[in-house]
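Every number in this text was worked out from the coordinates using simple rules, so none of it is lab data. Just so you know, these numbers come straight off a predicted model, no measurement behind them. Positions of Cβ are generated from backbone atoms using ideal geometry, with glycine treated the same way; all protein chains shown enter the neighbour counts.
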Amino acid sequence: MILAQSRLRRSNGSKIVVLFLITLLSSGCGLFNKTRDNSNKDKVVKDRTDQTIDTLDISKVPETEIPPIRKDAEVEEPDVDYSSYKKETYKIGLFLPFNAQDATFDANDLSDEKFVNYYAGVRLALEEFDDEGYKFIVNVVDSERSEETVAEKLQSSAFEGTDVIVGPYDRDALSLAAEYGKNNMIAVVSPWLSSTRITDDNPFYIQLRASLSSHYFKLIEHAHQNFKSDEIVLIGRNNDAAKNRFKYFQKTYAALNNFSSSDPLQECFYDEGPLGEGMRAFGDLFENGGKKAIILPNWNYDDESFIYSVLRTLNIEKRNTDVYVYGMPILFDSDKIEFDFYQNLNMRICLSEFVDWEDMRVKSFMRKFYDNYGALPTSDAFEGYDMMTFIGRNLIKYGINFQLNLELDRDRYLQTAYDIQKVFDEGDEKFENVKYLENKHLDLVQYIGDKFVKID
């Protein structure tokens with residue numbers, strides 16, 4: 001456990017290494033194993049949705065899963081006195097999977113470590129709150145990716161009086177923490193995992209990463225706003241998973257059209273393999289020119305080769321058609337994607353995190369991060385900073401029941417915004433039972449000119 005209450009000390013050399021050593025030595029945890037699993041399952045990317053969002057149930061897609069068409073842009077804040085919920089000092093428990101028991105240490109490779117950078121971003125946010133006179137005690141605990149360790153820590157004296165719990169990273173341990181928060185009326189924040197099956201009837205559980213259905217809704221909503229129905233095409237593998245995804249898109253598109261009688265969107269199943277002479281994988285899809293919005297909903301790294309093959313074939317066969325490919329974060333992160341595809345196929349990619357490098361706040365954060373740690377921030381550092389800033393600001397404003405007011409937060413942070421909405425149980429027509437809270441915010445980005453820009 002680490003008590004992170006005041007600002008970081010200045011030091012010479014690689015300061016992020018010093019932070020890491022202080023963190024682990026203070027907790028008595030030793031040093032963690034830097035050996036990495038190179039499998040697709042554990043591949044770490046900027047958006048990390050390859051390992052953190054659920055798949056859809058292939059048996060059915062109930063209409064209750066179709067999100068509302070649009071949340072109001074502004075929410076009027078009620079005139080409420082929150083002073084009785086406020087404290088001079090707030091206590092936060094932060095679970096990070098340093099895995100310190102399996103200890104080897106490579107100081108030369110440390111700056112690339114995911115959770116060290118995340119924690120470094122958290123520390124910078126705490127430093128700023130300290131400068132402003134706000135006090136937070138953050139107990140940083142190595143979860144060791146162990147449900148048993150998390151259970152033991154939650155029952156220890158270190159968590160007495162805790163106001164917010166962040167993490168842990170792994171599903172079973174997170175579910176345990178969510179139930180602990182529910183039973184003890186403590187907000188539990190999940191920054192990394194997106195799942196509909198962590199907890200139930202739990203208004204204290206806050207999921208900061210948008211679900212798979214939220215990603216899909218973002219894609220189909222934007223296509224609906226910019227293309228006619230006969231210009232939108234769904235492309236996927238010829239299997240049950242793809243067909244189930246397409247059911248979701250068809251139902252959502254019908255909802256966006258107020259269930260008016262219109263033809264369903266065109267579905268195209270792409271089969272990898274050799275074609276006969278003169279044959280085209282997409283037949284006469286591009287025969288008449290014009291424009292087409294191609295929705296490619298595959299997101300898993302198991303589909304990386306399939307996605308590349310589809311994009312390559314589209315690039316060859318599109319002729320004079322203006323093609324706009326809508327897709328998941330893997331299009332942004334995959335090393336297989338050829339750079340020309342971004343421009344030739346007008347790729348529009350759905351992301352939960354996007355940094356505008358021209359933003360003066362981003363530039364200021366990068367300078368401050370470098371001054372403190374002697375390294376440039378990774379996406380994880382931005383994420384850790386935003387998460388702690390978001391929680392801290394709302395604790396200061398609303399006090400210990402801050403999660404009840406998160407829908408009022410409309411600020412843009414460094415790499416995301418937080419559009420927190422209540423998720424209700426299926427069939428709850430009166431919207432009485434809050435299943436959990438979820439951040440629905442997503443950005444749609446496109447490569448324009450010489451850089452990616454946010455288009456929605």
Item checked: Distant alpha-carbon pairs in region 213-351 (separation over 24 angstrom), percent -> 25
Check: Quick one: Cα centre-to-centre distance for region 208-264 and region 381-403, in angstrom?
Finding: 34
Notebook entry, point to check: Under a plain spin-label model, where a point goes 7 Å from the Cα along Cα-to-Cβ, how far apart in nm are Val362 and Ile455?
Noted result: 1.8
Checklist line | Residue exposure sequence - Val116, Val80, Val434 - by fewest surrounding Cβ within 10 Å | finding: Val80, Val434, Val116
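Can you compute the charge dipole magnitude of region 213-351 about its Cα centre, using +1 on each Lys and Arg Cβ and -1 on each Asp and Glu Cβ, nothing else charged? Give it in debye, rounded to the nearest 20. Show your work: numbers first, answer last.
Working: 15 positive and 20 negative charges, 90 e Å.
That gives region 213-351 a dipole magnitude of about 440 debye.
Check each of the trypsin sites (Lys or Arg not before Pro) in region 150-182 and keep only those in coil by DSSP with at most 16 other C-beta atoms within 10 angstrom; list them in order. Spell out each step's value before the answer.
Numbers: sites: Lys153, Arg171, Lys182; in loops: none.
Passing sites in region 150-182 do not exist.
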Next item on the list: Work out the charge dipole of region 325-396 with +1 on the Cβ of Lys and Arg and -1 on the Cβ of Asp and Glu about the Cα centre, then indicate which of Asn394, Val362, Leu351 is farthest towards its positive end.
Entry: Asn394
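Could you list Glu407, Glu287 so that the one with the fewest beta carbons within 10 Å of its beta carbon is first and the one with the most is last?
On the way: Glu407 17, Glu287 11.
The order, fewest Cβ neighbours first, is Glu287, Glu407.
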Check: Fewest first, what order do Asp271, Asp359 take by the number of other Cβ atoms within 10 Å?
Finding: Asp271, Asp359
